[in-house]
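Student: If you scroll down you'll find the structure; I have some questions about it.
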Amino acid sequence: MSNEASRWAAAVRSSARPAYLALADALADDIQSGKLAANQRLPTLRALAGALGLNFTTVARGYAEAQQRGLIDAQAGRGTFVREWVKAGPVRRSPPLSMIDMTMNMPPEPHDAALLQHLRQGIADLAQEADLHTLLRYHEFGGTHEEREAGAQWLSRHVPNLDASRVLVCPGVQGALLALFTVLARAGDSIACEAVTYAGIKGLAAQLGIRLVGLPADDDGLDPDAFGALCAADLPKALYLNPTLNNPTTAIMSRARREAVAEIARRYSVPIIEDDPYAELPEQPALSLAALAPELTFYVSGFAKCVGAGLRIGYLAAPNARYVARLAATLRTTTVMASPFMTRLATRWINDGTVQEATLAIREESRARQQIARQVLRRADYATKPEAFHLWLQVPQPWSRIEFATHLRAHGVGVVVADTFTISGPVPEAVRVCLGGPASRAECRHTLEIIEDAVEQSPAVASRVM
């Protein structure tokens, strides 16, 4: 580790401020003291992230904050440098930049008065009607029969002939995925997935010592031939797929691909983890892998993408009773149980139609924001779907994805670079843009205009170095 990196690591560890601000403060201190000279080249984002033990996004935010303060600048093809006019002396420490967060893939929040009243009323009614002591006790692991029945009802649009005995209530989809990875694989085993896929499984696999094998995919989804070749050469313990409105690419796996993948999985007896949180958004539902290969598929969905991320309830439909028992035991070990209050609330909202009402409102708001994107992003090359609330934007040359994201963050817009989602192979020059982050349609339009402006510029024009 270089002397600079050692100083910055110590400064970040000792600071009470968020790591990205502490890093910007450390840069400011070194400039003020003369330890960093004008035009001095700084470490690359990836190298510095490794040296500091921080993730890539945090270091990118730190550099963007320093750039916003006027301390450093990035030059296309050369790197990041201390700005020439910065002199040793007082350096301002700005408060955190007011960000429009388009990094977390959250659904847009509808402002429908009737819907909001239904949501409030459901919470109020539950608080009045339910016995408080009951809600504060331990509950049945995996949910009561009534709660599993509600989960089966919710999933039945995509999982035919689903009995409540095959359903487990989980504290969110991520908790369900943790249980599945734990049950289906051990340290050193492999799980197949798309080469660019949901970032949340990277952390799970790393924690459990599981090797992810990324396979090629396109707009129609996973390449079945690549999956078949892997099964023949090095049989994975499971196949993970996010087949509907894929996060981040927005691809919807075609029926032909689903049928081919299901057949290969059946031939080699490979369990399928079908992570389908966006399945309710398209008006015409896709045929699920759980319908094509019910004896192999673990179907997972929840409310984070069709109601709100704060409702941490997910449902896991297992192929048979044996797996239900194993998964219930694992969930008890890893998460104990889902919140009884949230589970009861989710059950109420499924039964009275509130969840369906919220999903329709989010679908309509997503469509409206997609229309804004079509109006604003006239020169941008991006993939999306009418009911999706994110875009997969191809970064135009001569920008790199890192320069592009750093430039946007310096202008108050957060996006996520493709590195976050890439399992193997070349990292696409792309970023994910979440349309649900902005609080209003007007704010969504404003952020997209900033992105379109960046698309139309070159890094040299956008740079403030004189």
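Any read-out appearing in this document is the output of simple, stated calculations on the displayed coordinates, not a laboratory observation. In this text the structure is predicted, and so the values were computed from the model without any measurement. Methodologically, a virtual Cβ is constructed for each residue, glycine included, from the backbone with ideal geometry; neighbour enumeration extends over all protein chains shown.
Student: Name the long-range amide H neighbours of VAL395: under 5 Å, sequence gap of 5 or more, or other chain; modelled H, no Pro or chain starts.
Tutor: ALA430, VAL431
Student: From the residues LEU316, ALA405, THR447, which one has its Cα farthest along the dipole of segment 303-450 in the positive direction, the dipole being from +1 and -1 charges on Cβ of Lys/Arg and Asp/Glu about the Cα centre?
Tutor: Working it through, the farthest residue towards the positive pole turns out to be LEU316.
Student: Using per-residue counts of other Cβ atoms within 10 Å, averaged over each peptide, order 200-209, 269-278, 105-114 from highest down.
Tutor: 269-278, 105-114, 200-209
Student: Work out how much length ARG332 to TYR138 would gain on full extension: take 0.36 nm times their residue separation and subtract the Cα-Cα distance, in nm to one decimal.
Tutor: In short, 68.7 nm is gained.
Student: Same structure, new question: Only Lys, Arg, Asp and Glu count, each charged at its Cβ (+1, +1, -1, -1), so figure out the dipole size of segment 360-462 about its Cα centre, rounded to 20 debye.
Tutor: Dipole of segment 360-462, to the nearest 20 debye: 280 debye.
Student: In segment 360-462, if every C-alpha pair distance is counted and binned at 10 Å from zero, what percent goes to each bin?
Tutor: 15, 50, 29, 6, 0
Student: Using alpha-carbon pairs under 8 Å, 6+ residues apart, how would you state the relative contact order of the chain in percent?
Tutor: 20
Student: So what's Rg/Rh here for the chain, counting alpha carbon atoms and using the Kirkwood radius for Rh?
Tutor: My calculation puts Rg/Rh at 1.00.
Student: Follow-up question, since we're still on this one. Give me Rg/Rg_expected for segment 301-360, where Rg uses Cα atoms only and Rg_expected = 2.2 N^0.38 Å with N residues.
Tutor: Taking the Cα Rg and dividing by 2.2 N^0.38 Å, one obtains 1.25.
Student: Would you mind telling me the antiparallel percentage of the DSSP bridges in the chain, rounded to 5?
Tutor: For the chain, the DSSP antiparallel bridge percentage is about 60.
Student: May I pose another question? So what is the relative contact order for segment 167-323, in percent, with contacts set as C-alpha pairs under 8 Å and at least six apart?
Tutor: The value is 26 percent.
Student: Then there is this: Using a Förster distance of 35 angstrom, determine the FRET efficiency expected from the C-beta separation of ASP453 and GLU259, and round it to 0.05.
Tutor: 0.20
Student: Based on the Kirkwood radius over alpha-carbon pairs, what is the Stokes-Einstein translational diffusion coefficient of segment 135-228 at 10 °C with 1.306 mPa s viscosity, in µm²/s?
Tutor: Value of D from the Cα-based Kirkwood radius: 102 µm²/s.
Student: Here is a follow-up. Out of the trypsin sites (Lys or Arg not before Pro) in segment 338-444, which ones are loop residues according to DSSP with at most 10 other C-beta atoms within 10 Å?
Tutor: The qualifying sites are ARG378, ARG379.
Student: With labels modelled as points extended 7 Å from the Cα through the Cβ direction, what inter-label distance (nm, one decimal) is found for ASP225 paired with SER269?
Tutor: A separation of 2.9 nm, rounded to one decimal place.
Student: Could you compute Rg(Cα) / (2.2 N^0.38 Å) for segment 3-91, with N its residue count?
Tutor: Here the Cα radius of gyration is 0.97 times the empirical estimate.
Student: Taking just the C-alpha trace of segment 130-352, give me its Rg and Dmax in Å.
Tutor: When restricted to Cα atoms, segment 130-352 yields Rg and Dmax of 16.7, 56 Å.
Student: For segment 102-175, which trypsin sites (Lys or Arg not before Pro) are in a loop by DSSP, counting at most 15 other Cβ atoms within 10 Å?
Tutor: Answer by residue number: ARG137, ARG157.
Student: How big is the dipole moment of the chain about its Cα centre under a simple scheme where the beta carbon of each Lys and Arg is +1, that of each Asp and Glu is -1, and everything else is neutral? Debye, nearest 20, please.
Tutor: Here the chain has a charge dipole of around 1300 debye.
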